[in-house]
Amino acid sequence: MGNIVGIDLGTTFSAIAQLDENGRPVIVTNTESTEGGNITPSVVSFTGKNSYEVGRNAKKMLGVDENTFSKFKRDMGTTKEFKTSFGVTHTPLTLSALVLKYIKEFSEKQIGKFSNLVVTVPANFSSEARDATMKAAEKADLKIQNIIDEPKAAAIYFGSTSGLSDKGKYVIYDLGGGTFDVSVVEFNNSEITVLSTAGVARLGGYDFDLALQKLVADKYEKETGEKLAIEKDDKGNPPDFTINDAEEMKIVLSKRESIKEAIRGEGGRASIEITRKEFEEVISTLLSQAELACEECLDSKNIKTDDIDEVILVGGSTRVPIIKESVKKVFGKEAKELGNPDEAVALGAALYSAFKADSTMLSTMQKKTVEKIDKIEDVSSVYLGTISLDENQRNVNSILIKKNQKIPCEITKSFYTASQNQTAVQCTVTESGVDEEDPDFVKKVWEGTLEGLPSGRDPGKEVKVSFSYGDNKIIKVKFKDVESGKELKADVELNVDDKQSDNVDLDDFTID
Ligand code: ADP
Ligand code: MG
């Protein structure tokens, strides 16, 4: 029997789950951290040129130490630089790889090597960000069999706890530490389809922490007449009230109506009281943004609130009590709590991992679990096309794969050579958020040339273009000259900049 594993590589917290022998998904706990725990902060703190910490210890250094980084997932697929004072610059890809390596090491110590691994990504992740996630795993010496969208993983977990034969539409409301994602997922005779997604890229518990930190500083200043330092100063002295302090306070306010804390700063010691009401006021514009995204998610696919059977809360920040009120306001019904909102995605990923694994890896009980997940469907989140000449010899972008097309899929379209004695065809793969004809407004994600076509031919020779959009949302393309049989094939490396696959070798690093 193999180790069937799923990892939720989160913006602020990550989690890993395994399918136990009885076919139930269970969290692999982090025994490395002194506090232990089911979730591990996605924070990397460099302690030297080649040494680093991940998790709770690293998180303690946030906002205090310049070599500590978090929320790099927001920049996945870009070349954003994270500079350390040790002379090494990291990309979001490497930082994610370090988190994965840490998770791999503490997990393998307990359960042994992974046999089948699924990693989750946000539904709105670009192709570059998905590809960067795959590369990060490779860098951490992990083989990812599949990636799956977070709302689908959460839906699978929900389905497994409530019986997958359910028919209906469900909202997966995922408010985490750094981002807000809302999706409508349809269950239909154990088929699961993501019908619509929307979200706010920079809205999560961290933004609540910032708002609360500012509220505390304002109150302190009113009380003492002095400013409270909430950022480290020029000399590198830590703040009086850190972002971690604010987060702890916020978590208490999820349980209690008010909290009183002694805060020390320039103006001496002051007793500051914050009520839940006051906290709710300072996050009210953030809540409105989330509500707008929910409406967009429904409206864009013409889904009515009456069509929704259940709203499922995912993500640690859904523990903030006012979230349930906000959900009720938008969807007109009580939200459903899973009890473990920050684990649902990883648990669903472990189930999906079993679904994707070779059945020889599974125990009888595990096979029973898999049988319940009959067929899982996903849709493309972008338009994919190619550039050709129209009858007026103008370049136009032609869509092959439409947004919301069910995937995996393979789509073939015929184009024709345009000039006399044409011996080469320029081949392009484009990506766009809308159905766009103008090549100037789409992103070229790949270009190549189909060369060596027979000379002396008339125009109008058929060139078949096929796009195959696989499970991992990585696209295999083929441009084929039908008459000569000549073809150009590529696994489209979706625009991952070379700089992103930087030269940092993880083998050089040791975990403190
Ligand atoms: P991710 O965004 O990485 O998916 P999670 O879903 O684990 O992360 O959510 C993390 C966020 O949840 C953090 O901002 C954390 O402060 C917040 N959170 C966790 N527990 C509570 C709680 N009891 N009350 C309020 N916020 C909480
Ligand atoms: Mg999450």
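The values are calculated or read from the model by the stated rules, or taken from the named source; none is laboratory data. Note that the coordinates shown come from a computational prediction; the quantities given were computed from them, not determined experimentally. A quick note on method: Cβ atoms are made from the backbone with ideal geometry, for glycine too, and the neighbour counts reach across all protein chains shown. Surface accessibility is based on the protein's heavy atoms, side chains included, excluding ligands, DNA and RNA. Shrake-Rupley method; radii C 1.70, N 1.55, O 1.52, S 1.80 Å.
Residue order by solvent-accessible surface for 343, 437 is 437, 343, largest first, with ligands and nucleic acids left out and a 1.4 Å probe.
Show me the GluC sites (Glu not before Pro) within segment 1-101 that DSSP assigns to loop and that have at most 16 other Cβ atoms within 10 Å of their Cβ.
Hits after loop and neighbour filter: 21, 35, 66, 81.
As a length-normalised measure over Cα pairs under 8 Å and 6 or more apart, the relative contact order of segment 64-187 settles at 21 percent. Per the Debye formula on identical point scatterers at the alpha carbon atoms of segment 1-48, with no solvent, log10 I(q)/I(0) at q = 0.17, 0.33 Å⁻¹ is -0.58, -1.19.
Shown here for segment 54-93: trypsin sites (Lys or Arg not before Pro) in loop regions (DSSP other than H, G, I, E, B) with at most 16 other Cβ atoms within 10 Å, namely 80. Working note: Cα gyration tensor of the chain, eigenvalues times five, square-rooted, sorted largest first, giving semi-axes of 43, 27, 25 Å. Here the average projected area of the convex hull drawn through the C-alpha atoms of segment 263-396 stands at 18.0 nm².
The largest-to-smallest principal axis extents of the Cα set in segment 101-195 are 39, 29, 23 Å. Distant-in-sequence amide contacts of residue 37, defined by a placed amide H-H separation under 5 Å and a gap of 5 or more residues or a different chain, comprise 30.
A straight Cα-to-Cα reach below 16 Å connects residue 368 with the aspartates and glutamates 20, 21, 358, residues fewer than 8 places away in its own chain not being considered. Here the chain is assigned +1 on the Cβ of each Lys and Arg and -1 on the Cβ of each Asp and Glu. Its dipole about the Cα centre then comes out at about 760 debye. Placing 94, 360 in order of accessible area, with the largest value first and a 1.4 Å probe, yields 360, 94. In this structure, the pairs whose alpha-carbon distance is over 30 Å, taken from 49/260; 214/235; 71/277, are 49/260. Rounded to the nearest Hz, the phi-derived 3J(HN,Hα) couplings of segment 225-232 under the Karplus curve 6.51 cos²θ - 1.76 cosθ + 1.60 (θ = phi - 60°) are x, 10, 6, 9, 6, 10, 10, 6, where x marks glycine and proline.
Per-residue ellipticity at 222 nm for the chain, helices alone: DSSP H runs ≥ 4 residues times -39500 (n - 2.57), over residue total, nearest 500 deg cm²/dmol?
-8500 deg cm²/dmol
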